[in-house]
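The values are calculated or read from the model by the stated rules, or taken from the named source; none is laboratory data. Predicted model only: the values in this text are computed from it and were never measured. FYI the Cβ positions are ideal-geometry reconstructions off the backbone, even for glycines, and counts take in every protein chain you see.
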């Protein structure tokens, strides 16, 4: 009985889509089973395609699925790589690996610029279009070949060639994570609210988010994704609590009843939190 790969090679000889099949083989290390999934993975919502049933589709559903599968694969990989590390380390390392900037760079490095379909204006306004396509591609591989094949693809074709896990693990965590950890340390609640959504002149979505420490509004920021707006607002908020001793004292005073004597002993103003870190999702 002929293997799936041999059948795909034979099919390639007679298909009009030989060039795209060849691109996928070079990218994936195997021939696609359902080529339609891979075509759809590279269709941005700004330029949807019409399906046979008359409806229009883009890669957002595949992106949603791929995001979850990618998280699971990397969580599994880190769990095995770092058997002595705690949950906080594993979570922050995973978030640094899958942050939009990293995935977007990977998308460019593996050649997705040549195949992603989008409206021309989108490229100048959505800096994460290729990272989103990477997630959609993972979703397509998962649906086409299953979890095990998808896991091998992610580790062998995405992680190993493009990401230094040990180096990433040593870098500073993102500003949102640092802010949350700061709040947890002093038992002070940190809240992120999406306060407004709008569109720019090219109909790309704009998200505006706010950071609250307790009921105190600390910062607001906008971004082309909700995660981006959270991250920028977190950077502003973290800078305030790190460098503004008077503001920090006001926060501590407001939450003094909830803080232990040990926590209060560390809030004398001697603590200067580092504001270095990667701006990730």
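Conditions tested, residue by residue: (1) farther than 21 Å from residue 111 by Cβ; (2) at pLDDT below 80.
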{"position": "1", "(1), (2)": "yes, yes"}
{"position": "4", "(1), (2)": "yes, yes"}
{"position": "8", "(1), (2)": "no, yes"}
{"position": "13", "(1), (2)": "yes, yes"}
{"position": "20", "(1), (2)": "no, no"}
{"position": "23", "(1), (2)": "no, no"}
{"position": "28", "(1), (2)": "no, no"}
{"position": "43", "(1), (2)": "no, no"}
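Of the residues making up the stretch 211-232, those that are within 14 Å of residue 180 (Cα to Cα), crowded, with 18+ Cβ neighbours inside 10 Å and over 17 Å from the mean Cα position of the chain (by Cα) are 211, 213, 218. Of everything listed in (1) touching a strand residue (DSSP E or B) at 6+ places or on another chain (Cβ under 6 Å); (2) exposed (fewer than 15 other Cβ atoms within 10 Å of the Cβ), the single unmet condition for residue 161 is (1).
Say whether the condition of being touching a strand residue (DSSP E or B) at 6+ places or on another chain (Cβ under 8 Å) and either at pLDDT below 80 or surrounded by 13 or more Cβ atoms within 10 Å (Cβ to Cβ) (or both) is met by at least one residue in the stretch 73-82. Give the steps one after another, and end with the answer.
Here is the first cut: in the stretch 73-82, the residues touching a strand residue (DSSP E or B) at 6+ places or on another chain (Cβ under 8 Å) are none.
Within the stretch 73-82 (the criterion being touching a strand residue (DSSP E or B) at 6+ places or on another chain (Cβ under 8 Å) and either at pLDDT below 80 or surrounded by 13 or more Cβ atoms within 10 Å (Cβ to Cβ) (or both)), the answer is no, since none of the residues qualifies.
Mind checking whether some residue in the stretch 122-135 is assigned to a helix (DSSP H, G or I) and outside the structural domain of residue 44 (by TED's automatic domain parsing)? Even if it seems obvious, please write down each step before you answer.
So in the stretch 122-135, the residues assigned to a helix (DSSP H, G or I) come out as 122-125, 129-135.
Now narrow it down to the ones that are outside the structural domain of residue 44 (by TED's automatic domain parsing): none.
The answer is no, given that none of the residues of the stretch 122-135 is assigned to a helix (DSSP H, G or I) and outside the structural domain of residue 44 (by TED's automatic domain parsing).
Only residues that are outside any loop (DSSP other than H, G, I, E, B), more than 27 Å from residue 160 (Cβ to Cβ) and in contact with a helix residue (DSSP H, G or I) (Cβ under 9 Å, 6 or more places away or on another chain) were counted in the stretch 37-69, giving 5.
Quick check on the stretch 55-65. Is at least one of its residues out of contact with any strand residue (DSSP E or B) (no Cβ under 9 Å at 6 or more places or on another chain) and more than 22 Å from residue 150 (Cβ to Cβ)? For the stretch 55-65, residues out of contact with any strand residue (DSSP E or B) (no Cβ under 9 Å at 6 or more places or on another chain) and more than 22 Å from residue 150 (Cβ to Cβ): present.
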